[in-house]
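Student: Sending over a structure as structure tokens; questions will come in a sec.
The values are calculated or read from the model by the stated rules, or taken from the named source; none is laboratory data. Keep in mind that what you see is a predicted model, and the values were worked out from it rather than measured. Cβ: placed from backbone, ideal geometry, glycine included. Neighbour counts: every protein chain shown. These accessible areas exclude ligands, DNA and RNA; they are computed on the full protein's heavy atoms, side chains included. Shrake-Rupley method; radii C 1.70, N 1.55, O 1.52, S 1.80 Å.
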Amino acid sequence: MEIGPGEKGRIELPLGKETVLIHNRPVTYQVITASGSVIEVELPGGIEFKVTSAGDIEAINVNIYDKPKGPTEVV
């Protein structure tokens with residue numbers, strides 16, 4: 001599945017295999033488990049997020065942030 005900046009998508013995981021997710025933009029991963037737990041992780045671009053499913057992960061929702069348009073304030 002191709003997910004670009006400013007888009008949202010859903011990733012299905014193969015059982016028992018490590019899946020490495022990495023994006024070049026800031027991203028939020030939302031891991032949804034079979035029991036209903038939701039784990040949300042926000043990472044800057046270029047950081048690996050590794051997941052191995054044993055069948056208890058329903059899916060991972062991904063939101064890739066688009067780069068800011070124009071100048072941004074640095075605090």
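Student: Would you point out the residue of the range 21-40, among those that are surrounded by 13 or more Cβ atoms within 10 Å (Cβ to Cβ) and assigned to a strand (DSSP E or B), that is farthest from the chain's Cα centre (by Cα)?
Tutor: Initial filter on the range 21-40 (surrounded by 13 or more Cβ atoms within 10 Å (Cβ to Cβ)): 21, 23, 25-33.
Then drop every residue that is not assigned to a strand (DSSP E or B), which leaves 21, 27-33.
Details: L21: 7, V27: 6, T28: 5, Y29: 3, Q30: 6, V31: 8, I32: 11, T33: 14 Å.
So the residue we want is T33.
Student: Quick one: E18 ticks every box in (1) in contact with a Ser or Thr (Cβ under 6 Å, 6 or more places away or on another chain); (2) surrounded by 15 or more Cβ atoms within 10 Å (Cβ to Cβ) except a single one, so which number is it?
Tutor: Going through the list (1) in contact with a Ser or Thr (Cβ under 6 Å, 6 or more places away or on another chain); (2) surrounded by 15 or more Cβ atoms within 10 Å (Cβ to Cβ), E18 breaks only (2).
Student: For the range 41-59, what are the residues that are open to solvent by 40 Å² or more (accessible area, probe 1.4 Å) and either charged (D, E, K, R) or not in a strand (DSSP E or B) (or both)?
Tutor: Correct list: E42, P44, G46, I47, E48, K50, A54, G55, D56, E58.
Student: Can you tell me which residue is least open to solvent (accessible area, probe 1.4 Å) among those in the range 60-71 that are of a type outside the set (A, V, I, L, M) and touching a Gly at 6+ places or on another chain (Cβ under 8 Å)?
Tutor: N61
Student: Does the range 28-54 hold any residues that are touching a strand residue (DSSP E or B) at 6+ places or on another chain (Cβ under 6 Å) and either of a type in the set (F, W, Y) or modelled with pLDDT under 90 (or both), and which are they?
Tutor: Y29, F49
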